[in-house]
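Written below as structure tokens is the structure these notes are about.
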Amino acid sequence: MIGHGLEQAARIIAENVASTFESSPNRRSFQMGEREIVVAGLIRELLAVLPLAESDTLAQACNRYLAVMAEVGIFGPRVEAIDPGDGSVTMRRA
């Protein structure tokens, strides 16, 4: 994510993960305020590994937070890959 600050890069990735997570088949929409909590949690995990821009490292960071979400009953797919260049994500079934 050349040209973006770390926080902006983390936000782009987190928003993409949240959008893809929410739009996955058999997944309900986030409840009011839930999306913001999810994005904030993903940003926190991503900032812990940035500026590393390896797809696997970024995906693992996101999946750590998605595992926490599953523990509180919010189930969905996991991140398979993240394109460090544009922040796009590929998800896989959990």
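Since Ser29 meets every condition but one in (1) closer than 15 Å to Arg93 by Cα; (2) open to solvent by 60 Å² or more (accessible area, probe 1.4 Å), which condition does it not meet?
Of (1) closer than 15 Å to Arg93 by Cα; (2) open to solvent by 60 Å² or more (accessible area, probe 1.4 Å), only one is false for Ser29: (1).
Just to be sure I understand the filter: pairs with C-beta atoms under 7 Å, separated by 6 or more residues or on different chains, first member in segment 71-82 and more than 16 Å from Ser19 (Cβ to Cβ), second member open to solvent by 30 Å² or more (accessible area, probe 1.4 Å) and in a loop (DSSP other than H, G, I, E, B). Which pairs pass?
Phe75/Ala94
At pLDDT below 90 and of a type in the set (Lys, Arg): is that true of Arg27 in this structure?
yes
Can you tell me which residue in segment 59-94 is most open to solvent (accessible area, probe 1.4 Å), limited to those that are under 15 Å from Ala9 (Cα atoms) and part of a strand (DSSP E or B)?
Val89
Applying the selection to segment 35-58, what residues are surrounded by 15 or more Cβ atoms within 10 Å (Cβ to Cβ) and either modelled with pLDDT under 90 or charged (D, E, K, R) (or both)?
Within segment 35-58, Arg35, Glu45, Ala53 meet the criteria.
For segment 59-94, which residues satisfy the criterion of being among the aromatic types (Phe, Trp, Tyr) and modelled with pLDDT of 90 or more?
Result: Tyr65, single match.
The values are calculated or read from the model by the stated rules, or taken from the named source; none is laboratory data. As the structure is a computational prediction, the values presented were derived from the model and not from experiment. Quick reminder, even Gly has a Cβ in these numbers, built from the backbone with ideal geometry, and neighbours come from all protein chains shown. These accessible areas exclude ligands, DNA and RNA; they are computed on the full protein's heavy atoms, side chains included. Shrake-Rupley method; radii C 1.70, N 1.55, O 1.52, S 1.80 Å.
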